[in-house]
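Below is one structure, written out as structure tokens, with a few remarks after it.
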Amino acid sequence: MKGLILAAGLGTRLRPITSLKPKPTIAVANKPLIHHAVDNLVEAGVREIGVVVSYLTLNSIKETLEGYPGVRFEYIMQNPPQGLAHAVKVSREFLGDESFVMYLSDNLFEHGITEFVNRFRPGESNAVMALVPVTREAAKSLGVAVVDGERITKLVEKPADPPSTLAVAGVYVFDSRIHAMIEGLAPGAKGEYQITDAIQRLIEAGDKVVPVTVRGWWKDTGQADDILDANRLLLTRLKRDVQGETDNATLIGEVVIGAGALVKDTTVFGPVIIGAGARVERAYVGPFTAIGDGCTVRNAELEYSVVGNRTVIDGVKPRIQASLIGEDVTITGHDSRPATHRMVVGDESRIALHE
Ligand code: G1P
């Protein structure tokens, strides 16, 4: 079975984090989203993976996946991205007539995807879809399935009036029948070719589309709050592992400190991950925080936040909380008068200042 990871999108809802780097390269619990996707595919036995990219995402995605052991990646261009069915269409040559697992690179599953892949029986079913119960409100912004026993009987994409509250999670298993359904598909909302519409055509043709309910948590990381929550969920599994140096540091609970890092005169309440080579001094780092490799955090308090690699946070008051901070960012405070804010802030940034 082959794998297909979709990583061509622009991640506009995460700007400016995604202005320079595509969403699948954002680290959650100090690991890029796309690595979580590849890990899940490998765990399910898939080692030949097509990665669908666009000219804006190709270089960063390739760089992020470089050196990943034991997997053959093939990069497939989707220019411009025109929906999930279009991504399958441009991958036709790579996929051939084999069955494949399609994985949306911004999706995270607590228990991976092995169960969905194993449920697929060639010749007996034509597709398997992962479904997750959500609220009616949430269903309006996702694909929605109607299920009758062992079969999905209807699928709609982002319905104003959801026919059920079973949402489509971002992993699908298909046999080669899907290609015929994509041929001649009409574009849906925003001119995109929806995979949901192609699967609906499969259902109408009498093919068997099998539902599997997601066990444990599932997260679609479309917005900043989702990344923070995904980071929280992943960090709950953390086990203490202190490789770096500590000096007058109080570490409570599950704390990971990477090699070459220094944590000094600091209190850390886990679960917290501090990347390799980071320096954390005279600081407080609270639960559900991930600090990337090579960061500096000095004279600052940080909690429930994600900080990208090589970022510097120095002398900032009050505590930074629920914040998603990119790579190579500098945030400094100072005690001089007049007390002013001085900023160089990129387009579409969001900053909340409190007295
Ligand atoms: C896509 C699919 C949708 C699915 C969702 C899961 O939507 O079209 O059916 O429920 O992924 O993440 P998107 O998030 O690209 O808008």
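Within the stretch 1-48, being in contact (Cβ under 8 Å) with a residue 40 or more places away in the chain, among the aliphatic types (A, V, I, L, M) and over 24 Å from I325 (Cα atoms) holds for M1, L4, I5, L6, L41, A44, V46.
In the stretch 101-122 there is at least one residue that is of a type in the set (D, E, K, R), more than 18 Å from the chain's Cα centre (by Cα) and closer than 18 Å to K219 by Cβ. With respect to (1) part of a helix (DSSP H, G or I); (2) buried (at least 17 other Cβ atoms within 10 Å of the Cβ); (3) within 16 Å of the ligand (Cβ to nearest atom); (4) over 17 Å from the mean Cα position of the chain (by Cα), the lone exception for L131 is condition (1). Within the bounds of the stretch 154-166, is there any residue that is under 10 Å from M129 (Cβ atoms) and assigned to a strand (DSSP E or B)? Checking the stretch 154-166: at least one residue is under 10 Å from M129 (Cβ atoms) and assigned to a strand (DSSP E or B).
The criterion of at least 1 residues that are away from the ligand (no atom under 16 Å from the Cβ) is met by the following strands (runs of 3 or more DSSP E) wholly inside the stretch 191-286: 209-213, 245-252, 255-257, 262-269, 272-274, 279-285.
Evaluation of V171 against the conditions (1) in contact with a strand residue (DSSP E or B) (Cβ under 8 Å, 6 or more places away or on another chain); (2) farther than 17 Å from R215 by Cα; (3) of a type in the set (V, I, T) shows that the sole unmet condition is (2).
Only the coordinates and a few stated rules stand behind these numbers; no lab work does. The structure presented is a predicted model; accordingly, all values stated were derived computationally and were not measured. Reconstructed Cβ throughout: ideal geometry from the backbone, glycine too, with neighbour counts over all protein chains shown.
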